[in-house]
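The values are calculated or read from the model by the stated rules, or taken from the named source; none is laboratory data. Keep in mind that this is a model prediction, so the values were computed, not measured. Because the Cβ atoms are built from the backbone with ideal geometry, glycine has one as well, and the counts that use them run over all protein chains shown. Please note that ligands, DNA and RNA were not included when accessible areas were found on the heavy atoms of the full protein model with its side chains. Shrake-Rupley method; radii C 1.70, N 1.55, O 1.52, S 1.80 Å.
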Amino acid sequence: MAVERGMTLPVFGRYATDHPEVDVELDARLALRARAGGVVIESRLAGWIAHNEKLVAVTAWIDCDREIRARRVAEREGVDLARARADNDERQQVERARYLTLYGIDMADLAIYDLVLDSGALRPDELADQIVAATEKRFG
């Protein structure tokens, strides 16, 4: 949705703070698609959508250390490390406050997730293997 509006993620995050209809639209899009089944949905709220919609799903939260995340963003977006760290921190704070206000969801509460994985400790193939294993266990 940020791309649709020609915005960067930090700018879009600030925009969404003043326009709650953005979250409502995004969540409706994701919930509709999730209810159709047979999909992988990636979003900061995907686990909460699955939880709140009572969907049969495997929910995974993938995170990593703040410095690793900043380094990855800096490399991907061609910005310096301090800028990437500041943008990440701002996005996290803005989104946490917004989701708490709109939905009563505390993004720091990971209890609803089946898997909480560290992408700083695991390679992408290892992350995928754990998610696939959990999915096969749940769905056969």
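Computed values, structure above
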quantity: Failed item, numbered, when V116 is tested on (1) over 20 Å from V24 (Cβ atoms); (2) open to solvent by less than 50 Å² (accessible area, probe 1.4 Å); (3) in contact with a Leu (Cβ under 8 Å, 6 or more places away or on another chain); (4) not basic (K, R); calculated: (2)
quantity: Pair list, Cβ < 7 Å and 6+ apart or interchain, from region 29-47 residues that are under 17 Å from A128 (Cβ atoms) to residues that are of a type in the set (G, A, S) and not in a loop (DSSP other than H, G, I, E, B); calculated: I41/A34
quantity: Among the candidates V58, V73, residue that is among the β-branched types (V, I, T) and over 22 Å from D109 (Cβ atoms); calculated: V73
quantity: Helices (runs of 4 or more DSSP H) (entirely within region 31-140) containing at least 3 residues that are acidic (D, E); calculated: 66-77, 81-103, 124-139
quantity: Filter result for R85 (charged (D, E, K, R) and touching a Lys or Arg at 6+ places or on another chain (Cβ under 9 Å)); calculated: yes
quantity: Test: residue in region 33-47 that is of a type outside the set (A, V, I, L, M), closer than 16 Å to Y99 by Cα and at pLDDT 90 or above; calculated: yes
quantity: Positions within region 12-54 being open to solvent by 70 Å² or more (accessible area, probe 1.4 Å) and of a type in the set (G, A, S), in sequence order; calculated: A36, G38
quantity: Lone qualifier among A84, A57, A74, A70 - being surrounded by 15 or more Cβ atoms within 10 Å (Cβ to Cβ) and under 18 Å from I41 (Cβ atoms); calculated: A57
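Listed here are the residues, each with its yes/no results for (1) exposed (fewer than 12 other Cβ atoms within 10 Å of the Cβ); (2) in contact (Cβ under 8 Å) with a residue 40 or more places away in the chain; (3) farther than 29 Å from E21 by Cα; (4) of a type in the set (V, I, T).
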position	(1), (2), (3), (4)
D65	no, yes, yes, no
E95	no, yes, no, no
M107	no, yes, no, no
L110	no, yes, no, no
L127	no, yes, yes, no
K137	yes, no, yes, no
